[in-house]
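Student: Take this structure, written in structure tokens, and hold onto it; I'll ask about it next.
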Amino acid sequence: MSSALVARSAFNRNVAAALARRSLRPLAVQARGAADHSYVPGGPIYRGTVNDPTPFPPPSKTHGSYHWAFERLLSAGLVPLTVAAFATSGTSYPILDGLLGVSLVMHSHIGFDSILVDYLHPRKFPRLGPLATWTLRAATVSVLVGVYQFNTNDIGLTELIVKAWHA
């Protein structure tokens, strides 16, 4: 009786090992097959490997330190320009009124352009990114034309704000 028990337990161990190997084989094949694909669900497909260097854009003076310095000077210059425009009358100093209008539009353009560069990058959004950038450029040009028309043919920007403030 003991030899039958030993034979049965040895048989059960061999069968269990064979079943375990057979049941784990599809998982190993599936794991190897999944590693061969470069598709990432929910994200873009990147070319190259993680060891490839990041491609840098060509150097440009308009998008480097000069660009940053211009943004800072424009932002800092808006404070005294705004105070000067409201301390004087817009009809007496139309150049100051025009400078304020252009500076505000350019400051807004740079801010919205930074948003588009950060969140609608052309690499991730190849159609929407450039479309939004050109829409912003067209809107900026049309607002500049409107500010020019308003300052030359109407009361001007500072007079409008003064009238709206006292209304």
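The values are calculated or read from the model by the stated rules, or taken from the named source; none is laboratory data. Note that this is a predicted model, so its numbers are computed, not measured. Here the Cβ positions follow ideal geometry from the backbone for every residue, glycine too, while neighbour counts run over all protein chains shown. Remember, those area values only see protein heavy atoms, side chains included, never the ligands or the DNA or RNA. Shrake-Rupley method; radii C 1.70, N 1.55, O 1.52, S 1.80 Å.
Student: Residues of segment 50-80 being open to solvent by less than 100 Å² (accessible area, probe 1.4 Å) and more than 27 Å from V105 (Cβ to Cβ), which ones?
Tutor: Result: D52, T54.
Student: Another question, then. Can you tell me which residue within segment 110-127, out of those that are under 29 Å from L78 (Cα atoms) and open to solvent by 100 Å² or more (accessible area, probe 1.4 Å), is modelled with the highest pLDDT?
Tutor: Among those residues, the one meeting the criterion is F112.
Student: Give just the number: which of (1) part of a loop (DSSP other than H, G, I, E, B); (2) over 25 Å from P57 (Cβ atoms); (3) of a type in the set (A, V, I, L, M, F, W, C) does V102 not satisfy?
Tutor: It is condition (1) that V102 fails.
Student: Okay, moving on. Here's a check for you: in segment 51-90, which residue that is outside any helix (DSSP H, G or I) and within 30 Å of I155 (Cα to Cα) is modelled with the lowest pLDDT?
Tutor: G90
Student: Tell me whether segment 32-50 contains one or more residues that are hydrophobic (A, V, I, L, M, F, W, C), modelled with pLDDT of 60 or more and more than 30 Å from I161 (Cα to Cα).
Tutor: Among the residues of segment 32-50, at least one is hydrophobic (A, V, I, L, M, F, W, C), modelled with pLDDT of 60 or more and more than 30 Å from I161 (Cα to Cα), which makes the answer yes.
Student: Moving to a separate point now. Does any residue in segment 152-167 that is within 13 Å of S89 (Cβ to Cβ) come within less than 7 Å, Cβ to Cβ, of a residue that is of a type outside the set (D, E, K, R) and open to solvent by 70 Å² or more (accessible area, probe 1.4 Å) six or more places away or on a different chain, and which pairs are these?
Tutor: G156/T91; G156/P94; T158/F86; E159/T91
Student: L19 fails exactly one of the following numbered conditions: (1) part of a loop (DSSP other than H, G, I, E, B); (2) at pLDDT below 90. What is the number of that condition?
Tutor: (1)
Student: Whether any residue in segment 128-147 is of a type in the set (A, V, I, L, M, F, W, C), under 20 Å from F86 (Cβ atoms) and surrounded by 15 or more Cβ atoms within 10 Å (Cβ to Cβ) is what I want to check.
Tutor: Yes; the residues of segment 128-147 include at least one that is of a type in the set (A, V, I, L, M, F, W, C), under 20 Å from F86 (Cβ atoms) and surrounded by 15 or more Cβ atoms within 10 Å (Cβ to Cβ).
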